[in-house]
Amino acid sequence: MSNVAVIEQLSPLSDDECQARIVAARQALGARVVILGHHYQREEVFRHADYSGDSLQLSRWAAQSQADYIIFCGVHFMAEVADILSRPQQIAILPSLAAGCSMADMANLAKVERAWRELTEVLGAADQRVTPVTYINSAADLKAFCGRHGGIVCTSSNARAVLEWSYGRRDKVLFFPDQHLGRNTAYRMGMPLEDMVVWDFELPYGGLTPEQIRAARLILWKGFCSVHQMFRPEHIDRFKQKFPDTLVIAHPEASFEVCQQSDYVGSTEFIVKTIAAAAPGTRWLVGTELNLVNRLHDQFKADGKHVHFMSPTVCMCSTMFRTDPPSLLRVLEGLIEGTVINRITVAERDAEQARLALQRMFDVSV
Ligand code: 13P
Ligand code: SF4
């Protein structure tokens, strides 16, 4: 290779060149590729998505897609779901393998199986007493765990329907990995906080006494989203002192106190739709990831809607941010050259059981 060619390869692409090459590669690949983009993706990536949405919608797009390649601009668990729900010959791709979810990583199979054994010791067969519910933000083997133990997956848009289904079958729920989604949803369904306990996965028996376990109806894994836990009730108080007519909307991964002080609580898609449907002149304080809030701010400015970010500090999903235009370009141009970069695959045994838990979720979701 000549020196000129080496220098050309090493010199970074300008943003504009990168964007232009993504568009060209996308066109060249045509219907062989579908790009799915989560609402938290940065704008420079999000604009290339054929379909965007929250986790539930994106999983539906993945299941319906006819494309050979499903490029998931989101995080690892989302690309796993795409692989699980797509046909065997379809290929799921995650442009950056570093795009994980720190909350999903707070639960793993060894810890959940230990919890299940300990619950069985205290309650008798956990399979008859407890429905395991995993938030879609979890590894595929945890979805498979739920599939084989009569459990189910939920997202932030269907958590209520999923909990109703779960309590229709067994009297307790083990909810992982996000304690906040579980607590906020169950409380809104009318369950008092006294009926819930937090399972500390670092401690034997979750750090709970047998009496606490026996009395609990909802056992909440001690996981959380580091982005959403940054929002505090005092952020709302301070903002409302300045703008008392503000409407507050938060994602259910935010703390109980923040959700209690919010006018609306719901998934990323719910947040988008609610603000889109709001009257001109309304002011919104939004407790979810910064890239989405910035997009809403820009999108609705012209309608006279004021969209503000809830926290005074930057709360960005740093893992979602790892998918950047160069990584998207790399996988697209790789496909043109006949190379699949960053394929995500789930072992068939896990995929089969995870599909069971996902199908139960689709069956209860409207
Ligand atoms: P949604 O399902 O609301 O898109 O949320 C996914 C997520 O990871 C939020 O942090
Ligand atoms: Fe995971 Fe939180 Fe990022 Fe959502 S915002 S993908 S829960 S780390």
Could you calculate, for the range 182-299, the ratio of the Cα radius of gyration to the Kirkwood radius, expressed as Rg to Rh?
1.06
Cut-off is 10 Å between beta-carbons; in what order do Asp350, Asp200, Asp127 appear when sorted fewest neighbours first?
Asp200, Asp127, Asp350
Computed magnitude of the charge dipole of the range 96-254 (debye, nearest 20; Cβ of K, R +1, Cβ of D, E -1)
260 debye
Would you please classify the overall shape of the chain from the alpha carbon gyration tensor, given that a ≥ b ≥ c denote the square roots of the eigenvalues, rounded means a/c under 1.5, and beyond that prolate means a/b larger than b/c while oblate covers the rest?
oblate
Could you tell me which of rounded, prolate or oblate describes the range 236-335, using a ≥ b ≥ c as the square roots of the eigenvalues of the alpha-carbon gyration tensor, with rounded for a/c under 1.5 and, failing that, prolate when a/b is larger than b/c and oblate otherwise?
prolate
Out-of-range pairs (alpha-carbon distance over 29 Å; input Lys111/Lys172; Lys111/Lys273; Lys222/Lys242; Lys242/Lys301; Lys242/Lys273; Lys143/Lys301)
Lys111/Lys273; Lys222/Lys242; Lys143/Lys301
What residue among Leu142, Leu329, Leu94 has the largest mean-square fluctuation in a Gaussian network model of the chain, using Cα springs under 10 Å?
Leu329
So how tilted is helix 348-364 from the main axis of the chain? Cα-based, degrees 0 to 90, rounded to 10.
70 degrees
For the range 91-159, max minus min Cα coordinate along each principal axis, in Å, sorted largest first?
45, 25, 21
Quick one: helix 76-85 against the long Cα principal axis of the chain, what's the angle to the nearest 10°, folded into 0 to 90?
90 degrees
Please compute P(r) over all alpha-carbon pairs of the range 73-230, binned at 10 Å starting from zero, and give each bin as a whole-number percent.
11, 41, 34, 12, 2, 0
Excluding same-chain residues fewer than 8 positions from Lys305, which aspartates and glutamates have a Cα within less than 16 Å of its Cα?
Asp245
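FYI, it's all coordinate maths here, none of it is from the lab. Predicted, not measured: the structure shown is a model, and the values here were computed from it. Here the Cβ is made from the backbone with ideal geometry for all residues, glycine too, and neighbour counts use every protein chain on show.
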